[in-house]
Amino acid sequence: MTSAIPAKTTTASSTEPGPRLSRDDKGTKTRKAPKQYSDRVRAERRLGWILAGPAFIIMLLVTLYPILQAIYESLFKFRLTAPGEREFIGLGNYAVILSDPVWWSGLWTTVFITVVTVLVELVLGFALALVMHKALKSVRGLLRTAILVPYGIITVVSAFAWFYAFDINSGYINSWFAWLPGIDENLNWFAQGGTALFVIMASEIWKTTPFISLLLLAGLAQVPDELTEAAKVDGATWWEQMRKVIIPNMKAAIMVAVLFRALDAFRIFDNVFIMTNGAYGTEVLSLLAYRQSISRLEIGLGSAVSVLLFLCVLLICFVAIKLFKVDLAGSQGGK
Amino acid sequence: MTNSSTKNKVLWAIVTVLVLIYALFPVLSILATSFKSPSDLTSGKFLPSSGAATTSNYEQILVGDAQGLFLSALRNSIGISLIATFIAVVLATLCAYAIARLDFPGKKLVLTTALAVSIFPVISIVTPLFNLWRTIGLYDTWLGLIIPYLSLTLPISIWTLAAFFRQIPWELEQAAQVDGATTWQAFRKAIVPLAAPGVFTTAIIAFFIAWNDFVYGISLTSTEAARPVPAALAFFTGASQFEAPTGAISAAAIIVTIPIVLLVLLFQRQIVSGLTSGAVKG
């Protein structure tokens, strides 16, 4: 091969120097280069998939497979205690669920918790992010360490902490806040929906605000200082700086944080399970699915609830990505 | 000048105290409860009555009659979480290296899949797994929890590590390759030492997530053979059926919070950088 090239070149130069030579040269290059290149590329691709493949396959196995299985099982009337009576009923389970007020009240409770907690967390998390961003060096480490405690704590532990604080027997909140109208020592927070949801959401907010505030902190760090300085020089008030400079510049971070938290809040389970177990109108969708399949062993119905919950999550994602143009993968997968 | 800086300092002291109260109050609350005796629980006070503070709740779960329940749960939690973290971090390290460093088709697919898995409603996975695990005998076993835990720990590990790996000066690897190292050797000798802090941070974050799990824990276990602490707490019962297990649960809650607080105290900086770089980039 190597000997062929100079031979060709010499013949080319001997007859018609300029154009022939260049054309031939080009020809050999395009014929030869891709082959060398593609060997390397192929090796790199192979290595890429050898390294990334196991993680990828496991992720598919632990999620894609179960959801497909759930979709399949949701088409059957199937109770684990009566396996013999398994019967294909098509979308029958979905009809049962969607015509049951329990599903709809669960859906509204879940949506309510999601909207309220995400809004409160956004405000609170933003305040915490600002504090951490501006904090004097001497307290910065202390603040971040403190903030990480709720992040790391087990949700169930948080649920018990809040539950025992408000509980009518072991709590102290009633005696602390007895001066507030509506609160006295006989107030049972967990005996009606409104007050129970209040404590459930308080625990959820306490535990997950640090996460949102860290995402917002990362967004804050990306707002160029010159912009804020320039606004300050132009006489903008603190509020104007926030509204016109800082918030517009970290819109992407805010969107990502809100979407992540909304999807997480929509799956709320632990706090509700511990505090009320779904009583008094606090039942959320995850709990509904759990009760159907794990407690009542109604695999068919439970699977259908699971699938519907999954579709809700997809819908939230779709709306966020299409309507609000949240770019989740782009920022990372761009390379 | 000194006046305004003093004012500034006072302001920051107040803000710091407020944040500390916010972050630590529920922990202190359950800590106080854990030292209350059964008769003191209904006092309506935050702290145990003076002179009535007791360690009997801790004795009950560590050496007393609730010992079998709590210690086996603690062993399950530690074992299962560590193994799930270890597997996830090893697989994610390889995967993130490929994503950050190599050019291969489907790179974006892997990242998108990780993202999709991380927002997947856990309860949707539980129902089919519950059924399947009962059929193939993985129900109520360590492996039966380790496998689904990977759905929690793998995605975040991949994202966090991919972000870490993108910040590594890869010229070092090329330099090693010029010196005659293979791609694998270059990875192992030049990059692993640089990447180790990122891997370690990722492991902490993944461990937090596995340690926190509740849904899998209560759904896929039924006995002390595999039931982790959060699930065991939910099923704790009092010494008698008339006695609420408040004190014992509080004491157990404090014990499982200690490792979290220690990790946070020691690695605050790394955890913050891991969470922020992994999640948002522009």
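The values are calculated or read from the model by the stated rules, or taken from the named source; none is laboratory data. This is a predicted model, so every value here is computed, not measured. Here Cβ is always computed from backbone atoms with ideal geometry, including for glycine, and neighbour counts include all displayed protein chains.
Taking first residues from the range B:33-49 that are facing chain A (nearest Cβ under 7 Å) and partners that are surrounded by fewer than 16 Cβ atoms within 10 Å (Cβ to Cβ), the Cβ contacts under 8 Å between residues at least 6 apart in sequence or on separate chains come to B:L41/A:N169; B:T42/A:N169; B:G44/A:S175; B:G44/A:E185; B:K45/A:S175; B:F46/A:W176.
Could you say which residue among A:Q241, A:Q292 is of a type outside the set (A, V, I, L, M, F, W, C) and touching a Leu at 6+ places or on another chain (Cβ under 7 Å)?
Values: A:Q241 fails: touching a Leu at 6+ places or on another chain (Cβ under 7 Å).
Testing whether each residue is of a type outside the set (A, V, I, L, M, F, W, C) and touching a Leu at 6+ places or on another chain (Cβ under 7 Å) leaves just A:Q292.
Residue-wise test of (1) crowded, with 16+ Cβ neighbours inside 10 Å; (2) on the phi > 0 side of the Ramachandran plot; (3) touching a Pro at 6+ places or on another chain (Cβ under 6 Å).
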| residue | (1), (2), (3) |
| --- | --- |
| B:T6 | no, no, no |
| B:V15 | yes, no, no |
| B:V19 | yes, no, no |
| B:L24 | no, no, no |
| B:L28 | no, no, no |
| B:L31 | yes, no, no |
| B:D40 | yes, no, yes |
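Cβ-Cβ distances below 9 Å connect the following pairs, each with a first residue in the range B:83-104 that is facing chain A (nearest Cβ under 7 Å) and among the aromatic types (F, W, Y), a second residue that is in a helix (DSSP H, G or I) and buried (at least 24 other Cβ atoms within 10 Å of the Cβ), and a separation of six or more residues or different chains: B:Y97/A:A52; B:Y97/B:L161; B:Y97/B:A162; B:F104/A:A52; B:F104/B:A98.
If you check B:L69 against the conditions, is it part of a helix (DSSP H, G or I), more than 7 Å from chain A (Cβ to nearest Cβ) and either among the charged types (D, E, K, R) or within 23 Å of the chain's Cα centre (by Cα) (or both)? Talk me through it step by step, then tell me what you get.
Numbers: part of a helix (DSSP H, G or I): yes; more than 7 Å from chain A (Cβ to nearest Cβ): yes; either among the charged types (D, E, K, R) or within 23 Å of the chain's Cα centre (by Cα) (or both): yes.
Criteria met by B:L69.
This table checks each residue for (1) β-branched (V, I, T); (2) closer than 18 Å to A:T117 by Cα; (3) buried (at least 19 other Cβ atoms within 10 Å of the Cβ).
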| site | (1), (2), (3) |
| --- | --- |
| A:F160 | no, no, yes |
| A:F163 | no, yes, yes |
| A:I168 | yes, no, no |
| A:I173 | yes, no, yes |
| A:W176 | no, no, no |
| A:L180 | no, no, no |
| A:N186 | no, no, no |
| A:F198 | no, yes, no |
| A:E204 | no, yes, yes |
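Does any residue of the range A:288-307 turn out to be over 19 Å from B:F130 (Cβ atoms) and touching a residue at least 60 places away in the same chain (Cβ under 8 Å)? For the range A:288-307, residues over 19 Å from B:F130 (Cβ atoms) and touching a residue at least 60 places away in the same chain (Cβ under 8 Å): absent. Filtering the range A:103-118 to residues that are surrounded by 14 or more Cβ atoms within 10 Å (Cβ to Cβ) and of a type outside the set (S, T, Y) leaves A:W103, A:G106, A:L107, A:V111, A:I113, A:V116, A:V118.
To keep it simple, each residue is scored yes or no on (1) closer than 30 Å to B:I146 by Cα; (2) within 9 Å of chain B (Cβ to nearest Cβ); (3) at pLDDT below 50.
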residue	(1), (2), (3)
A:S3	no, no, yes
A:T11	no, no, yes
A:A33	no, no, yes
A:R40	no, no, no
A:E44	no, yes, no
A:L47	yes, yes, no
A:A70	yes, yes, no
A:W104	no, no, no
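For the range A:266-283, the count of residues that are more than 7 Å from chain B (Cβ to nearest Cβ), surrounded by fewer than 21 Cβ atoms within 10 Å (Cβ to Cβ) and assigned to a helix (DSSP H, G or I) is zero. Against the criterion of being small (G, A, S) and either touching a Cys at 6+ places or on another chain (Cβ under 9 Å) or within 12 Å of chain B (Cβ to nearest Cβ) (or both), A:G84 does not qualify.
What number of residues within the range B:117-131 satisfy the criterion of being more than 16 Å from B:G217 (Cα to Cα) and free of Cβ contacts under 8 Å to residues at least 12 places away in the same chain?
The initial filter retains those residues of the range B:117-131 that are more than 16 Å from B:G217 (Cα to Cα), namely B:117-120.
Narrowing further to those that are free of Cβ contacts under 8 Å to residues at least 12 places away in the same chain: B:119.
Qualifying residue count for the region: 1.
Residues of the range A:65-111 that are among the hydrophobic types (A, V, I, L, M, F, W, C), part of a loop (DSSP other than H, G, I, E, B) and touching a residue at least 24 places away in the same chain (Cβ under 8 Å): A:L75, A:F78, A:L80, A:I89. Condition first: away from every other protein chain (no Cβ under 11 Å), part of a loop (DSSP other than H, G, I, E, B) and under 22 Å from A:G152 (Cβ atoms). Now tell me which residues in the range B:191-236 satisfy that. The one that is away from every other protein chain (no Cβ under 11 Å), part of a loop (DSSP other than H, G, I, E, B) and under 22 Å from A:G152 (Cβ atoms): B:R227. Quick check, is B:I136 over 26 Å from the mean Cα position of the chain (by Cα) and either at pLDDT 90 or above or closer than 17 Å to B:V215 by Cβ (or both)? For B:I136, the condition - over 26 Å from the mean Cα position of the chain (by Cα) and either at pLDDT 90 or above or closer than 17 Å to B:V215 by Cβ (or both) - is met.
Considering each residue of the range B:181-196 in turn, none proves to be free of Cβ contacts under 8 Å to residues at least 60 places away in the same chain, of a type in the set (S, T, N, Q) and closer than 30 Å to A:F78 by Cα.
Of the residues contained in the range B:79-88, none is found to be surrounded by fewer than 17 Cβ atoms within 10 Å (Cβ to Cβ) and modelled with pLDDT under 90.
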